[in-house]
Each structure stands twice: as C-alpha cells, then as structure tokens.
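**Student:** Dumping the structure here so I can ask a few things about it.
The values are calculated or read from the model by the stated rules, or taken from the named source; none is laboratory data. Computed from a predicted model, the values in this text were never measured in an experiment. A quick note on method: Cβ atoms are made from the backbone with ideal geometry, for glycine too, and the neighbour counts reach across all protein chains shown. Heads up: the accessible areas ignore ligands, DNA and RNA and are worked out on the full protein's heavy atoms, side chains in. Shrake-Rupley method; radii C 1.70, N 1.55, O 1.52, S 1.80 Å.
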Amino acid sequence: MTPTITAFEASPDRGRGMARDMRVRWALEEVGQPYDVRLVSFAEMKQPAHLAVQPFGQIPSYEEGDLAIFETGAIVLRIAETHKGLLPENEAGRARAISWIFAALNTVEPPLVDIQFATLFERDKPWAAERLAMIQERARKPLGFLSKRLGEAEWLDGEFSAGDLMMAGVLFRSKPSGLIDEHKNLAAYVARAEARPAFRRAFADQLEVFKAAEAKGLSSAPPR
Ligand code: GTB
C-alpha cells in the first residue's frame, strides 16, 4: 500500500529542506518505499479534514490504508518498524536507536527550535539579544555532549539508523544557527548524512514542490 504524507504547498523555507516532511521523505527514501504527497496550504492545515489526521493543524502526517498518524518521530518510527534498513535486527540495538530518535527530538531539538524562532520572529524585541544569548548557551550543552559521544565515529551506534536520521535531520535544520559548526565532528556527521543518496532524493523532491509553488505564484509566507 502506497502511503501518503502531507507537506507544505509552499514551504516558508523556500525549499531549503527545513520543514519536517523532509525527515519523513528521507526515511521513506532510505527504505525504498514509494509514497504520495498531499500538499496543503496554511489555510487547509487548519480545516477539519486535515485536523482529523493532524490534530494540531501541522505537517507532516502519514496515511497508510486505514491508518493515519502524525508527529515526525512517530511517523519515522512507523516507517522504520515496518521496513528493513533503519533499525538494527537485534533488540538491544533497536532500543538504543529509538533512544537516539527521542534524544534528537526531546533533548537536542527544543533549544535549537527556540533559536530559529528567536532569529526569525523576535529580532525586533528589546530583549532579543539577551534571550538569544541565553538560548544559544542552552543549546550548546546537549551539542557538546553529543559531539563527545559521537567522537570520530561515522554514526551514533554502529550502522546508520533511524536514530541518525532524526539526529542529523535536527542538526541539518539548525545549520544556520552556526552552533553545529562549533563541533567539527558534528558538521562532518551532518555532511555525511546529506551525502546519502536517500537524503539527496528527498531534498530534491521537496525542492521541486517549492519551485512549482513559486512558478504558480503561491505565497510561502506563514500567516502572522
Ligand atoms: N511536533 C510536530 C512534528 O514533529 O511533527 C511538529 C510539526 C511542525 O512543527 N510542523 C510545522 C508546521 O506545520 C512545519 S515543520 N507549521 C505550520 C503551523 O504550525 O501552522 C517546522 C518548520 C516550519 C518552517 C520552517 N522554515 O521555514 O524554515 C522550518 C521548520
């Protein structure tokens, strides 16, 4: 059964692969699962039809027959659990890979998202510089520990897994913060992930969507 995912009709990042459908596309490409994409506008995301699938009116979502799920982590885990290639065969290795998915989403990503929001939407506030410095420090802590743990290894725990996909996806989105480049091994880790053929295909596909939206003159600005 071909799954259907949702993605921005016109991504505010202008095709730079920052939106979270990128991680789902990448996972599907890694396991060789073809998929369909339903593009949604900001207005459509808040309509009952989409809310029935994604209760927070966001992308991505994932439908496979009668199953409809949301949350990037849950979607990537579903893909990894139902296909070969993104989780180790042995039980302990699988559990560790899943720990890395959660670590990416719960420990590493939150302060990095705060930085992105602060940079994009809070620049003109009188407290912007002070707050940005504070959250940059907060983000540096998990990145420092992650860098130490990765060391000179290629991936976080042996073979590339869904844990690496999620961690590298989180770091990739935060490259503009400059914080990833503070650790040579993390920058190299993201570059290795970006060089994977599956990542490249996923990136090219989401870029095509943006180019098509631009050609149609669709606005990529989020409502404020
Ligand atoms: N926890 C959810 C998940 O992991 O699936 C979060 C999903 C989420 O944040 N979705 C965003 C969304 O739908 C898109 S990815 N936003 C619309 C809304 O809330 O109305 C976040 C994102 C958006 C834009 C950029 N960008 O322009 O650079 C980067 C990332």
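**Student:** Would the range 215-222 turn up any residue that is closer than 29 Å to R96 by Cβ and not assigned by TED's automatic domain parsing to the domain that holds R16?
**Tutor:** Within the range 215-222 (the criterion being closer than 29 Å to R96 by Cβ and not assigned by TED's automatic domain parsing to the domain that holds R16), the answer is no, since none of the residues qualifies.
**Student:** Restricting the range 35-72 to residues that are among the acidic types (D, E) and farther than 19 Å from E208 by Cβ, which is nearest to the ligand (Cβ to nearest atom)?
**Tutor:** Filtering first and then ranking leaves E71.
**Student:** Something else about it: Condition first: within 15 Å of the ligand (Cβ to nearest atom) and free of Cβ contacts under 8 Å to residues at least 24 places away in the same chain. Now tell me which residues in the range 73-87 satisfy that.
**Tutor:** Within the range 73-87, A74, R78 meet the criteria.
**Student:** A further question follows. Mind checking whether some residue in the range 125-132 is buried (at least 16 other Cβ atoms within 10 Å of the Cβ), away from the ligand (no atom under 16 Å from the Cβ) and not assigned by TED's automatic domain parsing to the domain that holds E29?
**Tutor:** Yes: one or more hits.
**Student:** Looking only at residues that are more than 18 Å from the chain's Cα centre (by Cα) and surrounded by fewer than 18 Cβ atoms within 10 Å (Cβ to Cβ) in the range 95-119, which one is modelled with the lowest pLDDT?
**Tutor:** In the first step, residues of the range 95-119 are kept if they are more than 18 Å from the chain's Cα centre (by Cα); the result is 95-96, 118-119.
Then drop every residue that is not surrounded by fewer than 18 Cβ atoms within 10 Å (Cβ to Cβ), which leaves 95-96, 119.
Details: A95: 98, R96: 98, T119: 93.
By that ranking, first place goes to T119.
**Student:** Separate question: Which one is farthest from the ligand (Cβ to nearest atom), of the residues in the range 1-14 that are among the hydroxyl-bearing types (S, T, Y) and open to solvent by 20 Å² or more (accessible area, probe 1.4 Å)?
**Tutor:** Restricting attention to the range 1-14, the residues satisfying the condition of being among the hydroxyl-bearing types (S, T, Y) are 2, 4, 6, 11.
Cutting the leftovers down to open to solvent by 20 Å² or more (accessible area, probe 1.4 Å) gives us 2, 4.
On the way: T2: 21, T4: 15 Å.
Out of the qualifying residues, it is T2.
**Student:** On the given criteria, is Y62 outside the structural domain of S147 (by TED's automatic domain parsing), open to solvent by 10 Å² or more (accessible area, probe 1.4 Å), over 23 Å from R149 (Cα atoms) and in contact with a strand residue (DSSP E or B) (Cβ under 7 Å, 6 or more places away or on another chain)?
**Tutor:** When the stated conditions are applied, Y62 does not pass them.
**Student:** Criterion first (at positive phi, more than 10 Å from the ligand (Cβ to nearest atom), in contact (Cβ under 8 Å) with a residue 60 or more places away in the chain and small (G, A, S)) does G32 satisfy it?
**Tutor:** Numbers: at positive phi: yes; more than 10 Å from the ligand (Cβ to nearest atom): yes; in contact (Cβ under 8 Å) with a residue 60 or more places away in the chain: no; small (G, A, S): yes.
Considered against the rule, which asks whether it is at positive phi, more than 10 Å from the ligand (Cβ to nearest atom), in contact (Cβ under 8 Å) with a residue 60 or more places away in the chain and small (G, A, S), G32 comes out as no.
**Student:** So, in the range 181-193, exactly how many residues are touching a residue at least 12 places away in the same chain (Cβ under 8 Å) and open to solvent by 50 Å² or more (accessible area, probe 1.4 Å)?
**Tutor:** Count: 2.
Residue-wise test of (1) touching a Ser or Thr at 6+ places or on another chain (Cβ under 9 Å); (2) touching a residue at least 40 places away in the same chain (Cβ under 8 Å).
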position	(1), (2)
W100	yes, yes
A104	no, yes
I115	yes, yes
A118	no, no
R123	no, no
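**Student:** Sticking with this structure for a sec: If we scan the range 15-29, do we find a residue that is more than 8 Å from the ligand (Cβ to nearest atom), in contact with a helix residue (DSSP H, G or I) (Cβ under 6 Å, 6 or more places away or on another chain) and over 21 Å from A162 (Cβ atoms)?
**Tutor:** Among the residues of the range 15-29, at least one is more than 8 Å from the ligand (Cβ to nearest atom), in contact with a helix residue (DSSP H, G or I) (Cβ under 6 Å, 6 or more places away or on another chain) and over 21 Å from A162 (Cβ atoms), which makes the answer yes.
**Student:** Sort through A204, A198, A193 and tell me the only one that's away from the ligand (no atom under 16 Å from the Cβ), more than 21 Å from I59 (Cα to Cα) and not charged (D, E, K, R).
**Tutor:** Being away from the ligand (no atom under 16 Å from the Cβ), more than 21 Å from I59 (Cα to Cα) and not charged (D, E, K, R) holds for just one of A204, A198, A193, which is A193.
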